[in-house]
């Protein structure tokens, strides 16, 4: 008769065990997702930096070559770069910027960088900083000198 009341353990999982496993899975998935976000941000940072340098160098080259005897410039906005001839609004060419990065300029630079005809010099010297939005510790800096020299720091 004692054998009938013997405590038998079932082969299933308890609710506590299932909650623990679920919590571990949620933590693992969140770590993987955040890792992928940082990888995309690093790529966007590099691509945006190269795009900005390329657009600036093109504008400077056109000004130095005296093409159409004009000054050439670049307007830096939060979501795009706009290269232009003489004044903003003439012969505009737009380049989109990734939404994963933020662009900021130093006070001496402003939003328009205009390269003078023949000399390639500019009155807008300063820095452009590109930062990954989800990781502000990662950024690139582009320095523009009044002589028209453009360099990545």
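The values are calculated or read from the model by the stated rules, or taken from the named source; none is laboratory data. This structure is a prediction, so every number in the text was calculated from the model and none was measured. As a convention, Cβ positions derive from the backbone with ideal geometry for all residues, glycine included, and neighbour counts pool all protein chains shown.
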> In segment 137-148, what count of residues is obtained for those that are surrounded by fewer than 17 Cβ atoms within 10 Å (Cβ to Cβ), more than 16 Å from the chain's Cα centre (by Cα) and either assigned to a loop (DSSP other than H, G, I, E, B) or without any contact (Cβ under 8 Å) to a residue 12 or more places away in the chain (or both)?
Replying inline: 3
>> Considering only segment 10-25, I want to know if a residue exists there that is modelled with pLDDT of 80 or more and either surrounded by 15 or more Cβ atoms within 10 Å (Cβ to Cβ) or within 31 Å of the chain's Cα centre (by Cα) (or both).
In response: yes
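Residue by residue, here is whether (1) within 16 Å of residue 47 (Cβ to Cβ); (2) free of Cβ contacts under 8 Å to residues at least 12 places away in the same chain; (3) surrounded by fewer than 13 Cβ atoms within 10 Å (Cβ to Cβ) holds:
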| position | (1), (2), (3) |
| --- | --- |
| 74 | no, no, no |
| 86 | no, no, no |
| 89 | no, yes, yes |
| 100 | yes, no, no |
| 132 | yes, no, no |
| 135 | yes, no, no |
| 150 | no, no, no |
> Of the residues 125, 106, which single one is farther than 17 Å from residue 59 by Cβ and without any contact (Cβ under 8 Å) to a residue 24 or more places away in the chain?
Replying inline: 106
> If we keep just the residues of segment 61-72 that are on the phi > 0 side of the Ramachandran plot and in a helix (DSSP H, G or I), which is surrounded by the most Cβ atoms within 10 Å (Cβ to Cβ)?
Replying inline: 68
>> Need the failing condition index for residue 79 against (1) touching a strand residue (DSSP E or B) at 6+ places or on another chain (Cβ under 8 Å); (2) more than 14 Å from residue 150 (Cβ to Cβ); (3) modelled with pLDDT of 90 or more; (4) surrounded by fewer than 17 Cβ atoms within 10 Å (Cβ to Cβ), just the number.
In response: (3)
>> So, residue 58, is that one without any contact (Cβ under 8 Å) to a residue 60 or more places away in the chain, touching a strand residue (DSSP E or B) at 6+ places or on another chain (Cβ under 8 Å), at negative phi and assigned to a strand (DSSP E or B) or not?
In response: no
